[in-house]
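Accompanying notes for the structure given below.
The values are calculated or read from the model by the stated rules, or taken from the named source; none is laboratory data. Owing to the predicted nature of the structure, the values given are computational and were not obtained by experimental measurement. Cβ coordinates were reconstructed from backbone atoms using ideal geometry, including for glycine residues, and neighbour counts include every protein chain displayed.
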Amino acid sequence: MRCPFCGHVEDRVVDSRTTQAGEVIRRRRECLDCERRYTTYERIEEVFPRIIKRDGSREDYDRAKISNGLRLSCSKRPISTAQLDAVVDRVEVRLLELGTREVSSDWIGSCITEELRGLDPVAYIRFASVYRGFSDIEEFINELRDLEASRQPEEKSSEE
């Protein structure tokens, strides 16, 4: 591991801990040259399918893109970073379970909207408005009506 401060390639591991249900190992390291400490995370490299964009181009899967989109949709909403990370984790599990080499960006968008629909209706509408690209206000209003209709049975059962 190369020291992020001085670039030296030798270090010693000061502390190791597993995190996220054993899926990641957090290591605290100390550079043998400058003696500064830094943290690294190790996880098994999983091979995600390539993403087919709407224009037909292909690109590698990027967790940060999904996380950033979720953070924008959920800004100023009562949703924790841990909840957002859990959404991304669940989408990634579904991606890996597909077992395919390529998947459309629409499929990923659908997975995320499903997750957000149950998590926060405002974040769901924000994400869906960008993901689905509503062409007019009527489509947007219809989506709001569908969301409201799906929530009403929940509200009635919680009142009983």
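Yes or no, residue by residue, for (1) exposed (fewer than 12 other Cβ atoms within 10 Å of the Cβ); (2) within 20 Å of ARG63 (Cβ to Cβ); (3) of a type outside the set (Phe, Trp, Tyr):
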| site | (1), (2), (3) |
| --- | --- |
| GLY7 | yes, no, yes |
| ARG12 | yes, no, yes |
| ARG26 | no, yes, yes |
| ARG29 | no, no, yes |
| THR40 | no, yes, yes |
Return a yes/no flag: does region 90-103 have any residue that is modelled with pLDDT of 95 or more, surrounded by 12 or more Cβ atoms within 10 Å (Cβ to Cβ) and outside any helix (DSSP H, G or I). yes
Tabulated pairs, region 39-64, first in contact (Cβ under 8 Å) with a residue 40 or more places away in the chain, second small (Gly, Ala, Ser) and surrounded by 11 or more Cβ atoms within 10 Å (Cβ to Cβ), C-beta under 6 angstrom, 6+ apart or interchain: ILE51/SER105; ILE52/SER104; LYS53/SER105
Pick from region 111-143 the residues that are among the hydroxyl-bearing types (Ser, Thr, Tyr) and surrounded by 13 or more Cβ atoms within 10 Å (Cβ to Cβ): which of them is nearest to the chain's Cα centre (by Cα)? THR113
Looking at the structure I just gave you, is ILE51 touching an Asp or Glu at 6+ places or on another chain (Cβ under 9 Å), among the hydrophobic types (A, V, I, L, M, F, W, C), exposed (fewer than 12 other Cβ atoms within 10 Å of the Cβ) and within 28 Å of TRP107 (Cβ to Cβ)? no
